[in-house]
């Protein structure tokens with residue numbers, strides 16, 4: 001889960017970059033950038049959950 | 001590739017800029033005092049010693065490679081052409097500041113300001129990882145931050161890089177705007193702090209066997225609050241120098257920068273004190289101090305662009321945010337961050353970056369003296385969002401990976417058994433207050 005989360009963050013960022021480079025209309029750019037941010041946040045959530053201090057006080 | 005240089009500065013502007021840069025060490029002192037006051041007395045000397053060491057390590061690493069890779073508009077950089085647009089991604093200067101004329105020019109002033117402000121970014125993770133971060137490891141981690149991560153991102157924002165040119169390349173407003181360093185200093189430092197909290201884990205006794213957080217209060221609230229006051233002139237200098245050097249605003253506008261910085265801090269501390277008074281019955285000094293610094297962190301991005309009323313609003317929101325996120329991260333995410341650095345600098349900084357996008361007309365007036373169209377106004381917010389996406393999608397995993405590798409070779413955490421005696425005894429051999437403190441776990445229930 002940790003590695004998946006870690007990889008999803010740059011994957012979302014590449015979506016954002018792709019939106020900038022490949023798309024021309026404002027609406028399409030906004031949609032893809034929003035999707036990219038969504039992927040990043042999902043990765044961040046996964047990564048955070050993987051680090052969550054389990055009941056018992058340790059990882 | 002050589003990006004377009006900013007206009008030259010008059011001698012008066014240079015003198016003013018040097019004055020602002022010389023205020024910067026006050027921000028370092030303030031942050032060091034806040035970190036020390038929020039840690040326990042058994043690690044107080046270690047906290048101050050680590051602050052000195054990381055500022056030294058940051059300046060040295062930045063001197064060696066940092067400025068060469070960060071670059072500055074007008075200096076050479078590595079770039080690539082993607083679908084007809086030029087993407088500058090790394091400075092191509094000489095190491096050891098060779099070729100930088102230290103003569104009061106824009107470039108030399110930028111180098112001086114960055115040598116100090118990279119230390120500010122390096123102090124942020126120190127507060128989050130307090131009491132359990134080895135001295136040698138924090139110096140090495142800081143060297144990675146100052147030599148690689150910080151200059152790379154700072155090049156994109158301040159060195160004529162692709163984020164700065166989102167406006168000219170893709171029509172996104174005026175490109176990513178960050179006059180005083182909400183992104184380059186505060187969020188980069190805050191995300192590094194988050195990385196260290198993840199890698200080091202919580203302090204011994206912070207969480208019960210059931211995962212409930214306990215209180216491990218800082219040892220000196222006076223240090224913390226005095227540190228806040230000390231940080232204010234430092235931040236005014238940081239924001240003013242950044243606005244002159246990186247946003248290219250005229251010198252007269254630094255008055256607005258100082259007013260905005262103060263108002264953002266004022267709004268933030270009042271919001272934090274009011275909310276904690278409402279929630280807990282009495283204002284919480286530690287969270288109010290966090291609110292103050294959060295307001296400063298949020299003020300940096302838009303300090304040269306937004307009107308004073310907007311700066312006050314930015315501060316109010318930053319102060320309110322920090323009171324909730326500190327508790328949420330501790331209780332719900334299991335993040336043991338004694339100084340609240342992740343909430344203060346990362347969350348506050350991100351809010352400050354996005355707030356610039358809420359006032360695109362003000363930014364356009366400050367930088368171009370011209371009105372901008374409606375799509376361009378929306379584009380400014382999009383440019384700010386792309387900057388935040390870069391911080392979360394690139395800087396955070398990159399910093400984590402670097403520190404994870406470092407941790408494999410040089411374990412960064414003080415052995416948990418030694419934490420009982422404190423980092424002072426383990427690392428320095430003597431405590432900060434040898435005659436007054438008994439080393440007991442009086443606040444730890446587990």
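The values are calculated or read from the model by the stated rules, or taken from the named source; none is laboratory data. Being a predicted model, the structure only gives us computed values, none of them experimental. FYI the Cβ positions are ideal-geometry reconstructions off the backbone, even for glycines, and counts take in every protein chain you see.
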Quiz item: Hey, any hits in the range B:218-237 for a residue that's closer than 18 Å to residue B:9 by Cβ, outside any loop (DSSP other than H, G, I, E, B), more than 14 Å from every other protein chain (Cβ to nearest Cβ) and in contact with a helix residue (DSSP H, G or I) (Cβ under 6 Å, 6 or more places away or on another chain)?
Solution: yes
Practice problem: Might you check whether a residue that is surrounded by 24 or more Cβ atoms within 10 Å (Cβ to Cβ), within 14 Å of chain A (Cβ to nearest Cβ) and closer than 21 Å to residue B:274 by Cα occurs anywhere in the range B:304-318? | Solution: no
Practice problem: State which residue is farthest from the chain's Cα centre (by Cα) when the search covers only the range B:38-50 and only residues that are crowded, with 24+ Cβ neighbours inside 10 Å and assigned to a helix (DSSP H, G or I). | Solution: B:42
Quiz item: Which one of the conditions (1) within 30 Å of residue B:287 (Cα to Cα); (2) within 14 Å of another protein chain (Cβ to nearest Cβ) does residue B:37 fail to meet, given that it meets all the rest?
Solution: (2)
Quiz item: Taking the stated definitions as given, is residue B:190 more than 20 Å from residue B:344 (Cβ to Cβ) and within 14 Å of chain A (Cβ to nearest Cβ)?
Solution: no
Exercise. Kindly provide the set of residues from the range A:9-32 that are within 9 Å of chain B (Cβ to nearest Cβ), farther than 24 Å from residue A:45 by Cβ and surrounded by fewer than 17 Cβ atoms within 10 Å (Cβ to Cβ), ordered by number.
Key: A:21, A:22, A:26
Quiz prompt | Residue within the range B:102-115 that is touching a residue at least 40 places away in the same chain (Cβ under 8 Å), closer than 16 Å to residue B:353 by Cβ and surrounded by 24 or more Cβ atoms within 10 Å (Cβ to Cβ) present | solution = no
Quiz item: Condition test on residue B:99, is it over 27 Å from residue B:34 (Cα atoms) and either at pLDDT 95 or above or crowded, with 23+ Cβ neighbours inside 10 Å (or both)?
Solution: no
Practice problem: For the range B:396-406, name all the residues that are without any contact (Cβ under 8 Å) to a residue 12 or more places away in the chain and either facing chain A (nearest Cβ under 10 Å) or surrounded by 21 or more Cβ atoms within 10 Å (Cβ to Cβ) (or both). | Solution: B:397, B:401
Exercise. Go through the range B:70-101 residue by residue and tally those that are without any contact (Cβ under 8 Å) to a residue 40 or more places away in the chain and outside any strand (DSSP E or B).
Key: 12
Quiz item: Any residue at all in the range B:372-395 that is more than 14 Å from chain A (Cβ to nearest Cβ), at pLDDT below 90, in contact with a helix residue (DSSP H, G or I) (Cβ under 9 Å, 6 or more places away or on another chain) and not in a helix (DSSP H, G or I)?
Solution: yes
Quiz item: If you check B:160, B:201, which single one turns out to be touching a strand residue (DSSP E or B) at 6+ places or on another chain (Cβ under 8 Å) and under 23 Å from residue A:2 (Cβ atoms)?
Solution: B:201
Quiz item: Out of (1) in a loop (DSSP other than H, G, I, E, B); (2) within 14 Å of chain A (Cβ to nearest Cβ); (3) farther than 25 Å from residue B:311 by Cβ, the odd one out for residue B:176 is which?
Solution: (3)
